[in-house]
Amino acid sequence: MTTGRATPAEAACTDAPDAQRTPAPDTACADAPNACAVAPPAAALGGPVSHAVSRVARLHRIAAGKVLKGVGLYPGQELLMTHLWDRGAVRQTELIRALELDPSTVTKMLQRLEQTGHVRRRPDPADRRAVLVEATDDSCALHTAVETAWGRLEEQTLAGLETAERDELVRLLAKIEENLCQETADCPDRA
């Protein structure tokens, strides 16, 4: 039952103008987490670009999942396959490093791709303890399907943008990537 009066936590989170809403000192919002359900605009949180990038990345991954489902892949498997198509047979450890994923994740991806006949694993003749992974001849049709799916995703992603805007977006994203690479000292291989 409500009394018509705001609790101290609600008042702390709702009395301020929209752009200045902040939790009350101490634990007011922690004690009543729903009292702060009206979140401040992203700009008030100090990271509107980071929020936008996060939202866009999430939605892009969802859209990629939908187009890849049409070719029988899960998100990430197309990147693994592209690496194999581009480089040929590679050690599984190199694949893990190149994809920057947990070894168990890559192993699960390889198991699924092996079951569908798209990859083959075999001992490395130069080091029998190592495993080589390669795309099969049967994966050639998949290669074309992945290129088509990514083309559809690209058009869906950039719909409504003029050529100059697309070029500018690529330029700006490259700058952001470089900033993040320098900050984290962890730039992926761009080859």
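Loop only per DSSP, at most 12 neighbouring Cβ atoms within 10 Å: give me the GluC sites (Glu not before Pro) in segment 143-185, ordered by residue number.
On the way: sites: E147, E154, E155, E162, E165, E168, E177, E178, E183; in loops: E162.
Passing sites in segment 143-185 are E162.
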Which ³J(HN,Hα) values in Hz, rounded to whole numbers, follow from the phi angles of segment 130-142 under the Karplus curve 6.51 cos²θ - 1.76 cosθ + 1.60, where θ = phi - 60° and Gly and Pro get x? 8, 10, 9, 10, 9, 6, 8, 4, 5, 7, 4, 5, 5
State log₁₀ I(q)/I(0) for segment 59-191 at q = 0.14, 0.15, 0.16, 0.20 Å⁻¹ as given by the Debye formula over alpha-carbon point scatterers of equal weight, solvent excluded. -0.76, -0.86, -0.95, -1.25
Please compute the per residue accessible area over segment 114-162 with all protein chains in place, 1.4 Å probe, rounded to a whole number of Å². 66
In nm, give the distance between the simple-model label positions of R171 and D86, each being 7 Å from the Cα along the Cα-to-Cβ direction. 2.4
Kirkwood calc, segment 67-127, C-alpha pairs only, radius in angstrom 12.1
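Between A63 and D124, take the C-beta separation as r, use R0 = 41 Å, and let me know the FRET efficiency to the nearest 0.05. Walk me through the intermediate numbers first.
Values: r = 37 Å, r/R0 = 0.91.
Plugging the Cβ-Cβ distance into 1/(1 + (r/R0)^6) gives 0.65.
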Residues whose built amide H sits under 5 Å from the amide H of R91, excluding neighbours closer than 5 in sequence, are V133
State, to one decimal in nm, how far the label point of R97 lies from the label point of L161, with both points 7 Å from Cα in the Cβ direction. 3.3
Carbon and sulfur: what percent of segment 37-191's accessible surface (1.4 Å probe)? 55
Scoring only Lys, Arg, Asp and Glu (+1, +1, -1, -1) among other residues with Cβ under 9 Å from the Cβ of E134 yields +3
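The values are calculated or read from the model by the stated rules, or taken from the named source; none is laboratory data. Keep in mind that what you see is a predicted model, and the values were worked out from it rather than measured. Neighbour counts run over all protein chains shown; Cβ positions are idealised from the backbone, glycine included. Note: accessible area is taken over every heavy atom of the protein model, side chains too, but ligands, DNA and RNA are not part of it. Shrake-Rupley method; radii C 1.70, N 1.55, O 1.52, S 1.80 Å.
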